[in-house]
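Reading through the structure tokens given below for one structure.
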Amino acid sequence: MDQLEALLDRLKARQRDLIMQAAEHDVMPADSTLKRIAELENAIAAVEAVADEEADKHRN
């Protein structure tokens, strides 16, 4: 479970970094940047789902 939490922290940090970098400019971020942010959001959701499943296993 600690490994999942560490992965989740890394994914969120990378996503936050991309968002903050995009916010520094007064133009729309590049499509590639937006795509990467969205891909990270999907990865975050997937890791959270697996973490929830693992937590449920340990509760039962």
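The values are calculated or read from the model by the stated rules, or taken from the named source; none is laboratory data. What you are looking at is a predicted structure, and each value in this text was computed from that prediction instead of being measured. All Cβ positions, glycine included, derive from the backbone under ideal geometry; neighbour counts span all protein chains shown. Quick note on the areas: whole protein, heavy atoms, side chains included, nothing else; ligands and nucleic acids left out. Shrake-Rupley method; radii C 1.70, N 1.55, O 1.52, S 1.80 Å.
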Note to self: Please pick out the residue among ALA23, ALA55 that is within 28 Å of ASP2 (Cα to Cα) and either loosely packed, with under 12 Cβ neighbours inside 10 Å or not hydroxyl-bearing (Ser, Thr, Tyr) (or both).
What the structure shows: ALA55
Notebook entry, point to check: Would you pick out the residues in the stretch 1-20 that are free of Cβ contacts under 8 Å to residues at least 12 places away in the same chain and more than 12 Å from the chain's Cα centre (by Cα)?
Noted result: ASP2, GLN3, MET20
Item checked: From LEU7, LEU18, LEU40, LEU34, residue being open to solvent by 50 Å² or more (accessible area, probe 1.4 Å), among the hydrophobic types (A, V, I, L, M, F, W, C) and in contact with a helix residue (DSSP H, G or I) (Cβ under 6 Å, 6 or more places away or on another chain) -> LEU7
Check: Take the residues of the stretch 21-33 that are in a helix (DSSP H, G or I) and of a type outside the set (D, E, K, R): which is nearest to the chain's Cα centre (by Cα)?
Finding: THR33
